[in-house]
1. Given +1 on the Cβ of Lys and Arg, -1 on the Cβ of Asp and Glu, and no further charges, what dipole in debye does the chain carry about its Cα centre, rounded to the nearest 20?
2. Between ASN134, ASN205, ASN188, where does the largest GNM mean-square fluctuation fall for the chain, given springs only between Cα atoms within less than 10 Å?
3. As a test of the formula, what do you get for the chain when each DSSP H run with n ≥ 4 contributes -39,500 (n - 2.57) and the sum is divided by the residue count, at 222 nm and rounded to the nearest 500 deg cm²/dmol?
4. On C-alpha positions alone, give me the angle between the axis of helix 2-24 and the longest principal axis of the chain, in degrees, nearest 10.
5. How big is the Kirkwood radius of the chain, worked out from every pair of different alpha carbons and given in Å to one decimal?
6. With unit charges on the beta carbons (Lys and Arg positive, Asp and Glu negative) and the dipole taken about the Cα centre of the range 28-160, which residue among SER78, SER68, SER116 sits farthest to the positive side?
7. Which of ASN200, ASN180, ASN103 moves the most in a Gaussian network model of the chain with Cα springs under 10 Å?
8. If we sort 95-102, 120-127 on the protection proxy, mean other Cβ atoms within 10 Å, highest first, what's the order?
Amino acid sequence: MKKSIVTLAVSITCLISQFANAQSSTVKKDFLYSNRFSVLAGLIQPAVLKGGNVEINYTTKRMMFEYSHGFSLDPSSSGDYKNQQLSLHLPYSTGFGIGYRINSHLDVRFESKLHSWEVYYKGQEQNDKNKIENYKTYTLGVGIYYRYFPFKNSSSKLFQAITTSSSFRWWKNVSSSLNNNEFSYTNNFFNKTETLKVANIGIGNTPLIFNVAIGYTLGGK
């Protein structure tokens with residue numbers, strides 16, 4: 001499984017690179033904010049998930065390279081997790097992405113992420129004593145990102161650097177640290193053994209993710 005994941009990642013990366021090289025000869029105008037580092041903080045994570053997220057990007061004239069790290073996230077339980085009165089906690093969710101810039105604002109990325117999960121009964125203190133299970137999931141997916149620079153026409157690079165980012169992502173579970181991607185435990189509320197599949201990282205236990213971020217692009221446009 002891990003070998004196939006690496007092979008898929010390398011293949012997609014090569015396709016993105018070949019597409020970028022093919023396009024570079026026909027596109028003459030350079031995009032704004034090229035060859036720049038950006039640092040952004042997610043807004044959904046503190047507002048909805050009670051945690052945080054930091055993202056670092058580097059843009060070339062056509063490519064986008066990304067590292068992001070989320071921490072102390074508490075997604076809402078749904079499906080069997082909700083029915084069994086369980087809560088989920090992610091100490092971290094981290095990984096890399098590589099993408100192609102369609103224009104100065106829009107890019108498409110291939111992303112590989114690692115997510116660390118902990119499972120507790122709803123309402124219990126989250127500590128080692130109360131932990132029901134912990135596991136890791138590995139996702140591969142794609143994301144569409146739109147970066148907006150509200151003051152790009154400012155004469156000041158300080159204001160030009162202000163950056164926002166909106167994104168839709170589809171991160172599919174490809175493997176986990178558990179056998180058969182599931183675990184069993186005895187539920188104290190119902191006094192019976194239950195089996196659960198590993199959770200998905202997105203909205204409502206799906207692979208779909210939406211986020212908004214705000215930050216700073218070093219050097220302006």
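1. 820 debye
2. ASN188
3. Calculated mean residue ellipticity at 222 nm is -5000 deg cm²/dmol.
4. 20 degrees
5. Kirkwood hydrodynamic radius for the chain: 19.0 Å.
6. Final value for the positive-end residue is SER68.
7. Ranking ASN200, ASN180, ASN103 by mean-square fluctuation puts ASN180 first.
8. 95-102, 120-127
Laboratory data are not the source of any read-out in this text; all were calculated from the coordinates shown. Quick caveat, the model's predicted, so the values are computed rather than measured. With ideal geometry, Cβ positions are generated from the backbone for all residues, glycine too; neighbour counts draw on all protein chains shown.
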